[in-house]
Amino acid sequence: MKIFRKAGKAAGQVFRFILLLGPVFLMCAPIFLLLSGSVMSRQELSQYLAPLFGNAEGYIGWRLFPQYPTGEHYWKLLLYTPQFYTVFWNSLKLVAAILGGQLLIGVPAAWAFAVYRFRGRKFLFTIYIVLMLMPFQVTMLSQYLVLSRVGVMNTHWAVIFPAVFSTFPVFLIYRGFCGIPRGLLEAGRIDGAGEWYLFWRIGLPLSSGGILSAMVLGFLEYWNLIEQPLAFLKDKALWPLSLYLPEIGQDKAGFAFAASVVTLVPSVFVFLLGRDYLEKGIVASGLKE
């Protein structure tokens, strides 16, 4: 009987593995197609994509492993396309400025909400939550009017300012500060520690997980910005890397695949480095006060 139970248990595990393998493959299939398309020759891509552009009848064919792999698309992108480095630098500048501003503004704001008790605190924090739930389409017009009034339209500041004052990182970092025992802070005050010392020496080290999770989530979001640059930046020289996808034709399909892969690499790298902190941030965002 034990043998049959073990065999049934093993068969159940194999069945669950096969059942989960299908969704995993569907989720990863676009990445595999992107990688294989970036190393295909132009002739092979033209052959496979001909039905898509109306040059042939039938369905689109595809090979996961190209017949004749080539790196010509990457060489063209990295060595013979200087405007690519312009948009790459734009993305780095935007993300660095936004995350730096969120650290300077969001961390003290979260500390104030979590540690201090003042009149209207819960009401103000509720407003923060409501603003966090609003999509960009709802606040786009008001942001446009304010930014136009300030005079920063068609500059990178038009994208940086609204993102710096985003409420979502405040919410995540606030959860980390709430995990600090209040008795520890009171003991520090009794020993003569000032508020700045408590924030710098106790608050930041103990809540570093929440801060890093907010930074990881912020990088993944702002590295892939599309709507805000399209709405606030008219000059294409100011566009970030997420908008740098040339018009996809049969002659530029491989170039577009290579640009997409290069755009994906920093996000994957940051995700792998901050995976544990990202999981903590997702768990914290689902908790109620």
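Please give the number of the condition P169 fails out of (1) modelled with pLDDT of 90 or more; (2) out of contact with any Asp or Glu (no Cβ under 9 Å at 6 or more places or on another chain); (3) crowded, with 17+ Cβ neighbours inside 10 Å.
(1)
Going by what's in this entry, would F199 be described as over 29 Å from V262 (Cβ atoms) and either under 25 Å from the mean Cα position of the chain (by Cα) or in contact (Cβ under 8 Å) with a residue 12 or more places away in the chain (or both)?
When the stated conditions are applied, F199 passes them.
Of everything in region 139-191, what is among the small types (G, A, S) and either free of Cβ contacts under 8 Å to residues at least 60 places away in the same chain or touching a Gly at 6+ places or on another chain (Cβ under 6 Å) (or both)? Give them in sequence order.
S142, S148, G151, G176, G179, G183, A187, G188
Would you mind finding the one in Y144, Y222 that is open to solvent by less than 60 Å² (accessible area, probe 1.4 Å) and of a type in the set (F, W, Y)?
On inspection, the qualifying residue turns out to be Y222.
In region 194-219, which residues are of a type in the set (G, A, S) and buried (at least 16 other Cβ atoms within 10 Å of the Cβ)?
G203, S207, G209, G210, S213, A214, G218
Tell me which helices (runs of 4 or more DSSP H) are completely within region 32-150 and hold 1 or more residues being at pLDDT 90 or above, under 30 Å from F199 (Cβ atoms) and out of contact with any helix residue (DSSP H, G or I) (no Cβ under 9 Å at 6 or more places or on another chain), or say none if there are none.
Per the criteria, 82-115.
Restrict the check to region 228-238 and report whether at least one residue is out of contact with any helix residue (DSSP H, G or I) (no Cβ under 8 Å at 6 or more places or on another chain), assigned to a helix (DSSP H, G or I), under 27 Å from P108 (Cβ atoms) and in the same structural domain as G106 (by the TED database).
no
Is it the case that some residue within region 98-108 is farther than 18 Å from L172 by Cβ, exposed (fewer than 12 other Cβ atoms within 10 Å of the Cβ), outside the structural domain of Q43 (by the TED database) and out of contact with any Ser or Thr (no Cβ under 8 Å at 6 or more places or on another chain)?
Among the residues of region 98-108, not one is farther than 18 Å from L172 by Cβ, exposed (fewer than 12 other Cβ atoms within 10 Å of the Cβ), outside the structural domain of Q43 (by the TED database) and out of contact with any Ser or Thr (no Cβ under 8 Å at 6 or more places or on another chain), which makes the answer no.
The values are calculated or read from the model by the stated rules, or taken from the named source; none is laboratory data. Note that the structure is a prediction, hence the values are computed from the model and not measured. Glycine gets a Cβ as well: all are built from the backbone with ideal geometry, and neighbour counts include every protein chain shown. The accessibility values were calculated without ligands, DNA or RNA, using every heavy atom of the protein model including side chains. Shrake-Rupley method; radii C 1.70, N 1.55, O 1.52, S 1.80 Å.
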